[in-house]
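Below is one structure; the comments refer to it alone.
The values are calculated or read from the model by the stated rules, or taken from the named source; none is laboratory data. The model shown is predicted, which means the values in this text are computed figures rather than measured ones. Every residue, glycine among them, receives a Cβ derived from its backbone with ideal geometry; neighbour counts consider all protein chains shown. When the accessible area is computed, the model is the full protein with side chains, heavy atoms only, and any ligands, DNA or RNA have been set aside. Shrake-Rupley method; radii C 1.70, N 1.55, O 1.52, S 1.80 Å.
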Amino acid sequence: QLQLVESGGGLVQPGGSLRLSCAASGFTLDSFAIAWFRQAPGKERERISCISSTTGSTNYADSVKGRFTISRDNAKNTVYLQMNSLKLEDTAIYYCSAAFMRYCSGYVGAFWGQGTQVTVSS
């Protein structure tokens, strides 16, 4: 019953934008730190952003800083990842996860979504 479902992926041209959604069911996401990860073929899984459960503070990987924004809408029990100025190297499967922790330092995800594909291509 406890699920995370990502949506919003797709095909976009370089410089374009997408907004990914991570909808939670079976729990209220405001009790968890929520993170977005991505994995491209042949590369390690990369944590790209995280938002804390208590303060809503955020952090970003250097690879996406200034281009991506994580946010939450507690009324909708959903976390978003707004992706702007997309680059070819952003192509990956994007996953959201929830962790039994307040903050994002040393993040260890307990629950994971199935992923959504983002492809940036001209």
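Before moving on, here are some points about what is shown:
- For residue 55, the requirement of being hydroxyl-bearing (Ser, Thr, Tyr) and loosely packed, with under 15 Cβ neighbours inside 10 Å is met.
- Checked across the range 26-46, the condition of being of a type in the set (Ser, Thr, Tyr), open to solvent by 50 Å² or more (accessible area, probe 1.4 Å) and over 12 Å from the mean Cα position of the chain (by Cα) holds for at least one residue.
- Filtering the range 26-42 to residues that are at pLDDT 95 or above and more than 13 Å from residue 107 (Cβ to Cβ) leaves 38, 39, 40.
- Selection count, the range 62-75, where residues are under 20 Å from residue 6 (Cα atoms) and at pLDDT 95 or above: 6
- Scan the range 69-106 for residues that are in contact with a Phe, Trp or Tyr (Cβ under 9 Å, 6 or more places away or on another chain), in a loop (DSSP other than H, G, I, E, B) and within 13 Å of residue 22 (Cα to Cα) and the total you get is 1.
- Of all the residues in the range 1-25, those that are at pLDDT 95 or above and open to solvent by 80 Å² or more (accessible area, probe 1.4 Å) number 3.
- Qualifying position, being outside any strand (DSSP E or B), crowded, with 16+ Cβ neighbours inside 10 Å and out of contact with any Phe, Trp or Tyr (no Cβ under 6 Å at 6 or more places or on another chain), among 66, 109: 109
- Of all the residues in the range 74-103, those that are more than 13 Å from the chain's Cα centre (by Cα), closer than 19 Å to residue 39 by Cβ and of a type outside the set (A, V, I, L, M) number 3.
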